[in-house]
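**Q** The following block contains the structure, expressed as structure tokens.
Bear in mind that the values in this text are calculations on the coordinates, not laboratory data. From a predicted model like this one, the values you see are computed outputs, not experimental measurements. Cβ sites come from the backbone with ideal geometry, for glycine too, and all protein chains shown count toward neighbours.
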Amino acid sequence: MKVDYEKITEALRKDGYVICPHFISEEKLQALRNDLQERFDEGDFHKAGIGKGDAYQIKQEIRGDWVSWWELTKLQPIQQEVYQALDELKVVFNRHLFVGINYLEMHYAVYPSGKFYRKHLDSFQGSDRRRISFVLYLNQEWQEGHGGELRMYLQDRQVKDIKPEGGTLVCFISSELYHEVLPTIQTRYSLTGWMRHDRLEDMLLNH
Ligand code: OGA
Ligand code: MN
């Protein structure tokens, strides 16, 4: 079944977030999991930090995950396929929401048992290029008691918890939606990324 990108876009427009189960097939999911595992075994992951540039620091009391960034010039075939799907979604976002996304960045993330990511915002309004955050979960048969839910803080003090079930894609507006990863009991796997609007001037400067 083809995922309906227009429907995803409308939900994002309406609510500021969207949850899309079965964003990729079981087969691709398995291939992606294998790729992640290979990288992990090769020592390709590092402890995630917080802050940018000089402010970067590792703080276990804030976040305890390990990450491995995707190098867009060196993607494996399965990564290419998933990248392609997200890139197509980006085109629909741009067409309908005029968000001007021109760059995707993403990393695998592994939360060992007991780890979490405290309540935060992925970008600060006006000062960051991250427009839309996305998380694609890569877990197998996540059970109720396994913890590790993504808790989203919605308007009117509503809270929504999302089970990190394999194949589910969550997208939300980076500068608006506070969220956290609740302590996980099982090892928790995901692909997390951001759709960015980079200014043309900055792209030239970084050339
Ligand atoms: C993040 C994040 C959410 C999740 O990496 O910034 O909030 O569910 N991840 O993994
Ligand atoms: Mn986040």
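**Q** Here are some pairs, Lys14/Lys59; Lys28/Lys90; Lys7/Lys47; Lys7/Lys115; Lys47/Lys160; Lys14/Lys163; which of them have Cα atoms lying more than 31 Å apart in this structure?
**A** Lys14/Lys59; Lys7/Lys47; Lys7/Lys115
**Q** If each DSSP helix of 4+ residues adds -39,500 (n - 2.57) and the sum is divided by the residues in the chain, what number results at 222 nm, nearest 500 deg cm²/dmol?
**A** -8500 deg cm²/dmol
**Q** Also, I was wondering about something else. So how compact is the stretch 16-166: Cα radius of gyration and Dmax in angstrom?
**A** When restricted to Cα atoms, the stretch 16-166 yields Rg and Dmax of 16.1, 45 Å.
**Q** Please say if the stretch 83-207 is rounded, prolate or oblate, where rounded means a/c under 1.5 for a ≥ b ≥ c the square roots of the C-alpha gyration tensor eigenvalues, and otherwise the choice is prolate for a/b larger than b/c and oblate otherwise? Before the final figure, lay out each step's value.
**A** Values: a/c = 1.98, a/b = 1.70, b/c = 1.17.
Taking the square roots of the gyration eigenvalues as a ≥ b ≥ c, the stretch 83-207 is prolate.
**Q** Quick one: net charge around Trp69, please, counting Lys, Arg +1 and Asp, Glu -1 for every other residue with C-beta under 12 Å from its C-beta.
**A** Values: positive: Arg39, Lys74; negative: Asp44, Glu71, Glu105.
Charge balance near Trp69 sits at -1.
**Q** Rounded to the nearest 5, what is the percent of antiparallel bridges among the DSSP beta bridges in the stretch 100-207? Before the final figure, lay out each step's value.
**A** Values: 32 of 33 bridges.
Here the share of antiparallel DSSP bridges comes out near 95 percent.
**Q** Tally Lys/Arg at +1 and Asp/Glu at -1 over every other residue whose Cβ is under 14 Å from the Cβ of Tyr56; what's the total?
**A** +3
**Q** Let me ask something additional. Between Arg118 and Gln37, take the C-beta separation as r, use R0 = 35 Å, and let me know the FRET efficiency to the nearest 0.05.
**A** The formula returns an efficiency of 0.85 here.
**Q** Please work out the FRET efficiency for the pair Gln140 and Glu81, using the Cβ-Cβ distance as r and a Förster radius of 25 Å; give the result to the nearest 0.05.
**A** Taking R0 as 25 Å, the efficiency between Gln140 and Glu81 is 0.80.
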